[in-house]
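The numbers here are math on the coordinates, done by the rules we state, and not lab data. The structure displayed is predicted, hence computed values, not measured ones. Note that we place each Cβ from the backbone using ideal geometry, even for glycine, and neighbour counts take in every protein chain shown.
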Amino acid sequence: MNAFKQTLLVAAGIGLLSATGIALAQETPATAPAGIKMVEAPAVQALQGKGAVLIDTRKASEFSDATIKGAISVPYDPEKSAKDAKFDPAQDKFDMGKLADKNKDYVLFCNSGTCWKSYKAAVVMAKAGYKNVHWYRNGFPDWKARKLPTE
């Protein structure tokens with residue numbers, strides 16, 4: 001196949017994806033926003049060992065399928081705001097009722113760098129005055145791949 005035909009096929013494929021509303025998942029920011037610390041799995045384990053609360057921000061059904069051992073479910077759902085660092089939290093729902101102590105360490109996670117729930121929840125918590133908010137960007141898929149404890 002010549003280069004011209006290949007280019008046409010690629011362009012047609014992109015057009016078809018756009019027309020059907022399918023888009024590539026937008027990645028969350030590679031760095032944590034102000035007031036939030038980004039952490040990796042070893043730091044999550046250390047924080048949990050020191051009493052941090054691990055918060056699974058995925059849907060309740062995902063949490064019930066499997067989660068990090070010891071995590072609690074506080075879904076960031078429904079997520080209606082834009083998948084963008086400048087999202088409008090007023091469009092979403094995140095109930096912090098289970099999270100009374102604003103000085104405690106909290107680690108938020110969801111389904112990796114294309115899942116915005118934990119990022120948004122961390123931002124909402126930091127803006128609400130929580131002092132020790134940690135964001136595990138790589139989330140549950142990374143934890144599971146490392147064969148760390150799940151339930």
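Points to keep in mind about this one:
- Pairs over the 19 Å Cα-Cα cut-off, from the set Lys80/Lys120; Lys86/Lys144; Lys80/Lys102; Lys93/Lys144; Lys59/Lys131; Lys50/Lys120: Lys86/Lys144; Lys80/Lys102; Lys93/Lys144; Lys59/Lys131; Lys50/Lys120.
- Filtered trypsin sites (Lys or Arg not before Pro), segment 23-76: DSSP coil and at most 13 other beta carbons within 10 Å: Lys50, Lys69
- Taking the square roots of five times each eigenvalue of the Cα gyration tensor of segment 44-151, the equivalent ellipsoid has semi-axes of 20, 17, 12 Å, listed largest first.
- Approximate spin-label separation Leu148-Thr114, in nm, with each point projected 7 Å along Cα-to-Cβ: 2.2
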